[in-house]
Amino acid sequence: MTPEERHLDKLSSHQQLHNGHRERLRERFLREGLDNFEDHQVLELLLFQAIPRHDTNPIAHRLMLRFGSLSAVLEADPKDLAGVEGVGANTAAFLSMISPVTRRYFHDRVKHTRKPLNNSESAAEYLVPLMAGRSEEVFYVLCLDSQLRVLYPALISEGTVKDALVHPRHVVEAAVRHKASSVILTHNHPGGNARPSAQDHKLTRHLVQALGAISIGVADHIIVAGEHIYSFSREGTLPVYEAMG
């Protein structure tokens, strides 16, 4: 056997081993689900879809080493992902889609139940998926009908990790445009602490006044931090509209 033939034979054996590993991992997933998989194995499964002809195990390990966790990989900037050996632009784009698609899936599933958001628990069921995986601060106004069902979740602002700029005029315009009978104000704290800041309390007062002036009530202001929420209504800190004059 020539050196070239030996090299090709070695490549063929490696490819067969690699293909067998892929098939075993897929079959295990179909049989058991993901509960008993290590995070790098979950990542490897995902990489199968974007990298069909290479061993994705070392790439998965490099990604985990670079970013530190599965969630951090899936929330990473595509440019940073593409800088990891073995991850091209297409694979980076694929991985970066997973977090927003997951968020969209959970939010869509809850949205179509049309349940009234008549307490903080039902509101949290709607809002936690809406905020999942966001590294920036966002502010929404949930426009509600007379039965407290969501007419439209209006995105008012996307900010930095520290703050989102919210103008009362934009909130009022969104509520009027979507014919809201009442609204739930909501934003996230990407840092993980749902407790409101002094600025959060101040903004809530301003928005309650601005919306109350056009006879639209604020049912709640809910801050989401991961799986945790702070409800102004539940905690008794939601301001009351005070008519002028």
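Please go through the stretch 56-96 and give me each residue that is over 20 Å from Arg134 (Cα atoms) and among the β-branched types (Val, Ile, Thr), ordered by number.
Within the stretch 56-96, Thr56, Ile59, Val84, Val87, Thr91 qualify.
In the stretch 143-160, what residues are in a loop (DSSP other than H, G, I, E, B) and either closer than 23 Å to Glu75 by Cα or not assigned by TED's automatic domain parsing to the domain that holds Ser181 (or both)? Please lay out each step first, then the result.
Start the filter on the stretch 143-160 by keeping residues that are in a loop (DSSP other than H, G, I, E, B), which leaves 145-149, 159-160.
Selection gives Gly159, Thr160.
Let me spell it out: the conditions are (1) more than 19 Å from Leu144 (Cα to Cα); (2) surrounded by 14 or more Cβ atoms within 10 Å (Cβ to Cβ); (3) at pLDDT 95 or above, and Ala225 meets all of them except one. Which number is the exception?
Against the list (1) more than 19 Å from Leu144 (Cα to Cα); (2) surrounded by 14 or more Cβ atoms within 10 Å (Cβ to Cβ); (3) at pLDDT 95 or above, Ala225 comes up short only on (3).
Output yes when any residue across the stretch 95-107 is part of a loop (DSSP other than H, G, I, E, B) and in contact (Cβ under 8 Å) with a residue 40 or more places away in the chain, and no when none is.
Of all residues in the stretch 95-107, those part of a loop (DSSP other than H, G, I, E, B) come to none.
No, the conditions are met nowhere in the stretch 95-107.
Quick check on Ser135: is it modelled with pLDDT of 90 or more and of a type in the set (Ser, Thr, Tyr)? Let's see the steps before the verdict.
Working: modelled with pLDDT of 90 or more: no; of a type in the set (Ser, Thr, Tyr): yes.
So Ser135 does not fit the description; no.
Give me the pairs: first residue in the stretch 113-139 and farther than 11 Å from Ala225 by Cα, second residue assigned to a helix (DSSP H, G or I) and among the small types (Gly, Ala, Ser), beta-carbon distance under 6 Å, and six or more apart or on different chains, which are they?
Close Cβ pairs (under 6 Å, with a partner that is assigned to a helix (DSSP H, G or I) and among the small types (Gly, Ala, Ser)) amount to Lys115/Ser122; Leu117/Ala123.
Is it true that Val176 is modelled with pLDDT of 95 or more and surrounded by 18 or more Cβ atoms within 10 Å (Cβ to Cβ)?
Working: modelled with pLDDT of 95 or more: yes; surrounded by 18 or more Cβ atoms within 10 Å (Cβ to Cβ): no.
So Val176 fails the test.
Just name the residue that is farthest from Gly217 (Cα to Cα) out of those in the stretch 112-142 that are aliphatic (A, V, I, L, M) and in a strand (DSSP E or B). Before the answer, list the steps.
Applying the first criterion (aliphatic (A, V, I, L, M)) to the stretch 112-142 yields 117, 123-124, 127-128, 130-132, 138, 141-142.
From the residues that got through so far, the ones that are in a strand (DSSP E or B) too are 138, 141-142.
Values: Val138: 21, Val141: 12, Leu142: 12 Å.
By that ranking, first place goes to Val138.
Of everything in the stretch 51-84 that's polar (S, T, N, Q) and in a helix (DSSP H, G or I), which residue is surrounded by the most Cβ atoms within 10 Å (Cβ to Cβ)? So that I can check it myself, show each step before the final result.
Kept after step one, since they are polar (S, T, N, Q), are these residues of the stretch 51-84: 56-57, 69, 71.
Next, from what is left, pick out any that are in a helix (DSSP H, G or I): 57, 71.
On the way: Asn57: 17, Ser71: 12.
Top of the filtered list is Asn57.
The values are calculated or read from the model by the stated rules, or taken from the named source; none is laboratory data. Just so it is clear, the model here is predicted, and its values are computed rather than measured. Quick reminder, even Gly has a Cβ in these numbers, built from the backbone with ideal geometry, and neighbours come from all protein chains shown.
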